[in-house]
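Take a look at the structure set out below.
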2 protein chains.
Amino acid sequence: MKSTLSPNNTFLNINLNKILENYKIVKKHLKKGCKVGAVVKANAYGLGQEQVVRALYQEGCHKFCVSNLDEALQIERTLEKEIYIMHGIGSIEMAELARGEGFIPILNHLGQIKIWNLIAKKKSEKLKAIIQIDTGMGRFGLSNTEIKELIANPDLISNIEINYIMSHMSCAEQENHPSTVKQLQEFKRYLEFFPGIKATFANSAGIFLGEDFHFDMVRPGCALYGINPTSSELNPMNSVVELYGYIVQKRIIEKEQFIGYRAQYKAAPGEKLFVIECGYADGYVRSLSNKGICYAEGYFLPVVGIVSMDAIIVNASALPQTLFDKITHIELLGEHITIDDIAKYTNTISYEILTTRFGNRCKRFYISNNNF
Amino acid sequence: MKSTLSPNNTFLNINLNKILENYKIVKKHLKKGCKVGAVVKANAYGLGQEQVVRALYQEGCHKFCVSNLDEALQIERTLEKEIYIMHGIGSIEMAELARGEGFIPILNHLGQIKIWNLIAKKKSEKLKAIIQIDTGMGRFGLSNTEIKELIANPDLISNIEINYIMSHMSCAEQENHPSTVKQLQEFKRYLEFFPGIKATFANSAGIFLGEDFHFDMVRPGCALYGINPTSSELNPMNSVVELYGYIVQKRIIEKEQFIGYRAQYKAAPGEKLFVIECGYADGYVRSLSNKGICYAEGYFLPVVGIVSMDAIIVNASALPQTLFDKITHIELLGEHITIDDIAKYTNTISYEILTTRFGNRCKRFYISNNNF
C-alpha cells in the first residue's frame, strides 16, 4: 500500500497504519480499564485531523482532545464520540454552542466553571465537564485558592457532572525530573477532595512513566504521531511520515561559485547539486541552512547554503553518476532521516517540526489498509 | 474598516489596503515602462493567495509569479492574466497541462527547455516562456555551458517565444554586496546574446537598489507583504498583518512556582500571567521561549517559559490591575511588535516568520476598502 513516487512533486506520505500501531502500543502499556483520549489538536499535529480521527475511530478510540471550539467543530458530526476542548469555553456564546454540539469542555478556571454551570442551570440540566487543576505546569487549570473556593462552595458546580479531574505535567519526558514527582503528589492530594471522581493526568510521556501515572484516562498525542515520548534514545513508536523532495534541477558546478542566498556556501568545480522543491514555507525550517541532511539510495547528502522559501540545495557529489542522473526524489524525512534527527539539527523538539506545516503545500498521500 | 476584537479567538488581520499601498510604493520606484510581476507563491507568503491576487488584480497588476504548477492552478481562472511558474515544468504531462491553462513557465535548464519546445512543436505553435540563467545564485537557471549550447543551437528554442530573460540575485538586501555587482555585470553580459528580448532581474530588494536593476519587469514579493526590502533600519513598506492573541486564562501566582514545559521559568508570588491561545503550531515559533515580547495598551509584556504547541504565557505584571482585569487580547504582531522584530528575536528572516503558518489555525480577517 506504499504510495508510488509522484512524478513531479514533493510529497508527504502519512501512514495511518503506523498511527494505529502506535495507538495499540500505547494501549498495551496502560493499566487495566484506563481509557484513551487521543489528542488530535493542531490538525492532528499537522497530519490531518479528519483522516487521523477517522482511522482511530474505526480502531475503537472514541474520545478526542482538541484545543478549542473551532477544532472541535471540524470533527465529523456523525461519529458517536466524546470531544474534550482543552482551552474550555470563554463566553456564554461559546458555551451554548459547545453544549448544543455535545462537546465536553475542560474548565480551567472559576470563570469558565461559572459560565458552564450557568448555562446548565438555564437549561435545567447537568452538563459534563473536565475540571483541570494546576499542579505545577503554571499554564491552564485552577490554582490552589480556586480549588479551595470550589470545594468550599459546591454550588459553583451544582449543575456540572465532572467527568474527570485533570492535570498536565511539565517535565514528563525528562527522566526523574523533580517536578514530575512533585506534580504527581500534588495531583493525588487534590484528588482526595473529589472522591469517586475519575482522573486524567498523563500525556504521551507520562504514559511511559508507569501505571501510577495512568489513572482513568490518558491523553497521548506525540506518541501516536511517532515522536519519541521517552527519555531513551530508542524510540518505542513507529515513524509515521515520509517527506520526499522533488528534484527540480541538477547542477554540476563549472567554476567555483557561491550557492544560495547571502552567499553562505562556496561550491567547487565538479561539485554536483540537486535543487529540491521544498523550502521553509514547506516546513523545512531555515535553521537547517548548511546543516540539514537528506538521504538517497544509500547516501546521506548535506544541505548546502541557505534554505530558500521554496527550495533547498543539496550536495549530491557522493552519488555515482548513474544514480545522480536517474534519481527524481530524495528523502527529506522518513526511515533514514527522522523527525527527531531534524529536531536535533535545529535545536528544537520534534513536536515543532511536525506541526510547522510540513506538507502544507505538497501533495499528501494517506497510507492505510482500511477504507478511512 | 478595522476589524473589531473577536470575542474569544486569536485572530489575524490581513490588511489588503496596505498591500495595495505597498504595491504603489514599488511602482513609484520603478523606471518608466517597467512592469510588475507580483510574487504570490507560498499562498502569497502565507497571507492568502486568493485574496491577494484579487486585490492586486483590481489595482491593475495582471502578472503573477508562483512556484509551481499546483500554485498556478489555484489562481482564479476567469482573470485575464499572465502566470509565471518559477520552478518551470518537469515533464511532458506538466507541460501539456501548463500549455492548456496558458501558463508561462520559467525554464531553468535545457531539460525543461527541450520539453517545452517539444510540445510547442507537436502543437505547431509558439509557446511563451521566461528563460532563467544563473548569474551567481547557483540555484535555478542555465549554467554558462548551457547558455552557450542554447546560443549555438537556436533550434532548441525554435518554437519558444522568449518573454523575458531572467536571473535572480542572492544578496540584494545586503548593501553593496560584491555578489550583487558581479551578478548585474554577468546578467548584462548574457543579455547581449539575446538582442531585443526583455529582461527581468530584481526581486523586492533589487527594486530598491535603483533603476539599473529594473530592466523590463521586476518581481516584488516581500515588499508587498510589508517586509523591509532594504538594508536600512527604516522600513519603507507598510506593515500588513496584525496578530491578536486571545487570553484564555489569567493567573496571579500564589506561591513561587515553575511555569511551562521543562520548568524553564520561575514565577514569584504576586506575579500576573496571561495564558494566550497561540503556540508554535500557530507559527509563534518555539525559539521565542523566554524571549518573545507582546504588547497591550502601552505596555510591553515578555513571554515567559517555553512556548507550547497551542499557548504561550506572558508576564503581565506591568499592567495596572484594572487593565489586567479588562483586557481580552494582546498584540503578538502588529504596530508595536513587527515581523522584523520577531525575526530578530529568533535569529531568522522576516520571510520565514510570515510563511510559517501564522494564522493557519486562527480566524483571519481581510481588511479592505474594496469588494475583493
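The values are calculated or read from the model by the stated rules, or taken from the named source; none is laboratory data. Every value quoted in this text rests on a predicted model; they were computed, and no experiment measured them. FYI the Cβ positions are ideal-geometry reconstructions off the backbone, even for glycines, and counts take in every protein chain you see. We work out accessible area using only protein heavy atoms, side chains counted, and drop any ligands, DNA or RNA first. Shrake-Rupley method; radii C 1.70, N 1.55, O 1.52, S 1.80 Å.
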Legend entry - Surrounding net charge for A:S232, when Lys and Arg each add one and Asp and Glu each subtract one, Cβ distance under 12 Å: -4
Legend entry - Under Karplus coefficients 6.51, -1.76 and 1.60, residue-wise ³J(HN,Hα) of segment A:349-355 in Hz, glycine/proline x: 10, 4, 3, 5, 4, 5, 8
Inset, instruction - Evaluate the relative contact order of segment B:178-265 (contact order divided by residue number), counting alpha-carbon pairs under 8 angstrom at least 6 apart; express in whole percent. - result: 16
Legend entry - Electrostatic dipole magnitude of the protein assembly as shown [Cβ: Lys, Arg +1; Asp, Glu -1; Cα centre; debye, to 20]: 520
Legend entry - Karplus (6.51, -1.76, 1.60) ³J(HN,Hα), θ = phi - 60°, over segment B:220-233, in Hz, Gly and Pro reported as x: x, x, 3, 4, 4, 9, x, 7, 5, x, 10, 8, 7, 5
Legend entry - Over chain B: helical MRE at 222 nm, DSSP H runs n ≥ 4 each giving -39500 (n - 2.57), nearest 500: -7500 deg cm²/dmol
Legend entry - Nonlocal amide H pairs with B:E82, under 5 Å, H built at 1.01 Å: B:K63, B:F64
Inset, instruction - In nm to one decimal, list the spacings between the A:K122 label point and its equivalents in the other copies, with label points set 7 Å along Cα to Cβ, shortest first. - result: 6.4
Inset, instruction - Send over a whole-number figure in Å² for the accessible area per residue of segment B:1-123, probe 1.4 Å. - result: 40
Legend entry - Residues listed by number, segment A:42-67, amide nitrogen under 13 Å from A:E125 label point at 7 Å toward C-beta: none
Inset, instruction - Return one number: the angle in degrees, 0 to 90 and rounded to the nearest 10, between the long axis of the Cα atoms of helix A:49-58 and the longest principal axis of the Cα atoms of chain A. - result: 60
Inset, instruction - Can you tell me the 0 to 90 degree angle between the C-alpha axis of helix B:110-122 and the longest principal axis of chain B, rounded to 10? - result: 60
Legend entry - Rounded to whole Hz, the Karplus (6.51, -1.76, 1.60) HN-Hα couplings of segment B:335-342, x for glycine and proline: 5, 9, 10, 8, 4, 4, 4, 4
Legend entry - Built amide H within the under 5 Å cut-off of A:C294, gap 5+: A:L301, A:V303
Inset, instruction - Please give, to one decimal in nm, the separation of the simple spin-label points placed at A:F300 and B:H336, each 7 Å out from Cα toward the Cβ. - result: 4.7
Legend entry - Mean separation of Cα contacts under 8 Å (6+ apart) over length of segment A:1-147, as relative contact order %: 14
Legend entry - Residue with peak Gaussian network fluctuation, chain B [Cα springs, cutoff 10 Å], from B:Y295, B:Y265, B:Y164: B:Y265
Inset, instruction - Give me the distance in nm between label points sitting 7 Å out from Cα along the Cα-to-Cβ direction at B:S91 and B:T322, one decimal. - result: 6.7
Inset, instruction - Round to the nearest 10 and give me the degree value, 0 to 90, for the angle of helix B:178-191's Cα axis relative to the longest principal axis of chain B. - result: 30
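What is segment B:1-76 by shape, rounded, prolate or oblate, if you read a ≥ b ≥ c off the alpha carbon gyration tensor as root eigenvalues and call it rounded for a/c under 1.5, prolate for a/b larger than b/c, and oblate otherwise?
Cα axes put segment B:1-76 in the oblate bin.
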Legend entry - About the Cα centre, charge dipole magnitude for segment B:233-304 (Lys/Arg +1, Asp/Glu -1 at Cβ), debye: 360
Inset, instruction - Would you mind checking the pairs B:K63/B:K128; A:K272/B:K126; B:K114/B:K182; A:K266/B:K188 and listing those with alpha carbons more than 25 angstrom apart? - result: A:K272/B:K126; B:K114/B:K182
Legend entry - Student exercise, segment A:272-372 dipole from Lys, Arg, Asp, Glu Cβ charges, in Debye to nearest 20: 200
Inset, instruction - Name the residues whose placed amide hydrogens come within less than 5 Å of the amide hydrogen of A:Y366, ignoring near sequence neighbours (fewer than 5 apart) on the same chain. - result: A:I14
Inset, instruction - Return the residues of segment A:136-150 for which accessible area with all protein chains present is lower than in the chain on its own by 50 Å² or more; set the probe to 1.4 Å and exclude ligands, DNA and RNA. - result: A:M137, A:G138, A:R139, A:F140
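Excluding ligands, DNA and RNA, what is the accessible area buried between chains A and B, summed over both sides, using a 1.4 Å probe, to the nearest 100 Å²?
Protein heavy atoms only, the A-B interface buries about 5800 Å².
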Legend entry - Rough spin-label spacing in nm, given labels placed 7 Å along Cα→Cβ, for A:R262 and A:E149: 4.9
Legend entry - A:K32-B:K32 FRET efficiency (beta carbon distance; Förster radius 56 Å; 0.05 resolution): 0.10
Inset, instruction - Can you send over the carbon and sulfur percentage of the accessible area for chain A, probe radius 1.4 Å, protein chains only? - result: 50
Legend entry - For B:L156, inter-copy label distances in nm, listed shortest first [label point 7 Å out on the Cα-Cβ vector]: 7.6
Inset, instruction - Take every Cα pair under 8 Å in chain B that's 6+ residues apart, average their separations, divide by the length, and report that relative contact order as a whole percent. - result: 19
Inset, instruction - Using +1 at the Cβ of each Lys and Arg and -1 at the Cβ of each Asp and Glu in segment B:24-116, identify which of B:L97, B:H29, B:V52 lies farthest towards the dipole's positive end. - result: B:H29
Inset, instruction - Can you list the distances in nanometres, one decimal and ascending, from the B:E233 label point to the identical position in each other copy, with the point 7 Å along Cα to Cβ? - result: 4.8
Inset, instruction - Return the single residue from B:S170, B:S124, B:S179 with maximal mean-square fluctuation; model: Gaussian network over chain B, springs between Cα atoms under 10 Å. - result: B:S124
